[in-house]
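The values are calculated or read from the model by the stated rules, or taken from the named source; none is laboratory data. Being a predicted model, the structure only gives us computed values, none of them experimental. FYI the Cβ positions are ideal-geometry reconstructions off the backbone, even for glycines, and counts take in every protein chain you see. When the accessible area is computed, the model is the full protein with side chains, heavy atoms only, and any ligands, DNA or RNA have been set aside. Shrake-Rupley method; radii C 1.70, N 1.55, O 1.52, S 1.80 Å.
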Amino acid sequence: MLKRPARRGYWRECCTENLTTQQHPTLLASFDAYSPSQADRWVSTALRTISPALDTNASDEAREWPYEGPIETRRALLCAEPCTASVSHADIRITWTIRPALFRPLTHRQGTELPACADDFGPHPTG
């Protein structure tokens with residue numbers, strides 16, 4: 001079996017936290033990225049998308065981040081350091097975290113028999 005090396009990249013997470021309770025943050029989404037610019041573009045896009053729904057202070061923070069945030073983020077990621085961006089709205093804090101990661105390749109399925117139900121799921125026709 002051919003062994004493929006791990007691939008360097010970045011793990012991105014978005015969590016929300018209720019500031020009035022003692023509960024742990026809730027993970028909303030997580031994604032992989034393979035360059036610092038791809039990693040921070042996700043944060044910029046999310047902040048631009050939600051900024052109209054935020055209160056004035058949070059909206060201002062969200063609109064300012066794409067100007068300074070990516071520079072600091074890329075600098076940290078190139079030094080293999082994690083970074084975060086957060087905004088608070090009412091009693092909720094939304095935090096995006098990006099950290100360096102090594103992605104291990106998955107074993108391919110060539111020559112491996114798939115379960116019987118594998119052919120039951122396919123693309124849905126559009127029309």
Legend entry - Computed lengthening from ALA80 to ILE92, 0.36 nm per intervening residue step minus Cα-Cα distance: 1.4 nm
Legend entry - Loop trypsin sites (Lys or Arg not before Pro), segment 1-77, which have at most 15 other Cβ atoms in a 10 Å radius of their Cβ (DSSP): LYS3
Inset, instruction - Using only protein heavy atoms and a 1.4 Å probe, report how much of THR56 is accessible, in Å² to the nearest 10. - result: 100 Å²
Inset, instruction - Starting from the Cα-Cα distance between GLU68 and THR45, subtract it from 0.36 nm times their residue separation and give me the gain in nm to one decimal. - result: 6.9 nm
Inset, instruction - Sticking with the crude label model, points 7 Å out along Cα→Cβ, report the distance from ASP55 to HIS24 in nm, one decimal please. - result: 2.8 nm
Legend entry - In Hz, Karplus ³J(HN,Hα) per residue of segment 20-37 (6.51, -1.76, 1.60; θ = phi - 60°; x = Gly, Pro): 9, 10, 9, 6, 5, x, 9, 6, 9, 7, 8, 8, 9, 8, 10, 8, x, 5
Inset, instruction - First compute the accessible area of segment 1-95 with a 1.4 Å probe, then give the percent of it belonging to carbon and sulfur atoms. - result: 52 percent
Legend entry - Relative contact order (percent, whole number), segment 46-95, Cα cutoff 8 Å, 6+ residue spacing: 29 percent
